[in-house]
Amino acid sequence: MVLGFHFSFQPPPLNPLTKKAQRIPVFNPIDRHGRTFFFSWLGFMVAFWAWYTFPPLLTHTIKHSLHLTPTQISNSNILSLLATLLVRLISGWACDTYGPRLVFASILLLGSIPIGLAPLITNVTGLYIIRFFIGILGGSFVPCQVWCTAWFDKN
């Protein structure tokens, strides 16, 4: 039995002791293990994509629109990473208490609000606030990992 990715539509074999999948069913979104894998990578990809919406625009477009200094740009980056750090610290406890699926959905929901409000920024204070709350999306890594670890065997 080879462990790893399984490119078929069949359900993966389960470990008899842990009841976790021994293969990752990449092309099987119907099976519960396939759905778990699909929604975990899709949710993380969306969160990561939204988390990195600002950096490419920050150095040219946003910098000129808001008349930012390099220090202000650096401070906004620091605030985004600070929020990510705080959410990652809290996410571990929250995953143990409420489950990774609920924590993952909550992070995605909380992070989507500032993404929608981002075009309304008119000054550097607004940028700091939005970047901090968008940084919440960086913490989506923790529930994604906990969710996959609960469903797939470690080897």
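Would you look at the GNM of the chain, springs on alpha carbons closer than 10 Å, and say which of Leu57, Leu108, Leu17 moves the most?
Leu17
In a shell of Cβ-Cβ distance under 13 Å around Leu82, excluding Leu82 itself, what net charge do Lys and Arg (+1) and Asp and Glu (-1) give? Present the calculation step by step, with values, prior to reporting the outcome.
On the way: positive: Arg88, Arg131; negative: none.
Charge balance near Leu82 sits at +2.
Heavy atoms only, probe 1.4 Å: what % of the accessible area of the chain goes to carbon and sulfur, would you let me know?
72
Do me a favour and compute the ellipsoid semi-axes for the stretch 42-155 from its Cα gyration tensor, root of five times each eigenvalue, largest one first, whole Å. Numbers along the way, then the final one.
Numbers: eigenvalues 178, 29, 28 Å².
Here the semi-axes work out to 30, 12, 12 Å.
Check Ile24: other-chain or 5+ apart residues with amide H under 5 Å from its amide H, H built from backbone geometry?
Here the answer is Gly4, Phe5, His6, since their amide H atoms fall under 5 Å of that of Ile24.
Accessible area per residue of the chain at 1.4 Å probe, in Å²?
61
Please state, rounded to one decimal and in Å, the Kirkwood hydrodynamic radius that the stretch 48-94 gives when every pair of distinct Cα atoms enters the mean of 1/r.
Across the stretch 48-94, the inverse of the average 1/r is 11.9 Å.
Which residue fluctuates the most in the chain, going by a Gaussian network model with Cα springs under 10 Å, if the choices are Pro11, Pro100, Pro143?
Sorting by GNM fluctuation, first place goes to Pro11.
Note down the net charge around Phe152, summing +1 for each Lys or Arg and -1 for each Asp or Glu among other residues with Cβ under 9 Å from its Cβ.
+2
Report the rotationally averaged projected area of the stretch 73-133 based on its alpha-carbon convex hull, in square nanometres.
Working: hull surface 16.3 nm².
With the hull built on Cα positions only, its mean projection is 4.1 nm².
Show me the three semi-axes of the equivalent ellipsoid for the stretch 99-155, from the C-alpha gyration tensor (sqrt of 5 times each eigenvalue), largest first, rounded to whole Å. Numbers along the way, then the final one.
Details: eigenvalues 189, 19, 8 Å².
The answer is 31, 10, 6 Å, longest axis first.
Nearest 10 degrees, 0 to 90: what angle lies between the long axis of helix 70-98 and the longest principal axis of the chain (Cα atoms)?
30
Compute and list, largest first, the equivalent-ellipsoid semi-axes of the stretch 4-101 from the alpha carbon gyration tensor, each √(5λ) rounded to a whole angstrom.
Values: eigenvalues 315, 64, 15 Å².
Each semi-axis is √(5λ); the values are 40, 18, 9 Å.
How far is helix 32-51 tilted, in degrees, relative to the longest principal axis of the Cα atoms in the chain, given as a value from 0 to 90 rounded to the nearest 10?
The two axes meet at around 10 degrees.
What does the charge count around His33 come to, taking other residues whose C-beta lies under 13 Å from its C-beta (Lys +1, Arg +1, Asp -1, Glu -1)?
It works out to a net charge of +3.
The values are calculated or read from the model by the stated rules, or taken from the named source; none is laboratory data. Just so you know, these numbers come straight off a predicted model, no measurement behind them. Backbone-built Cβ (ideal geometry, glycine too); neighbour counts: all protein chains shown. In case anyone asks, the SASA skips ligands and DNA or RNA and just uses the protein heavy atoms, side chains included. Shrake-Rupley method; radii C 1.70, N 1.55, O 1.52, S 1.80 Å.
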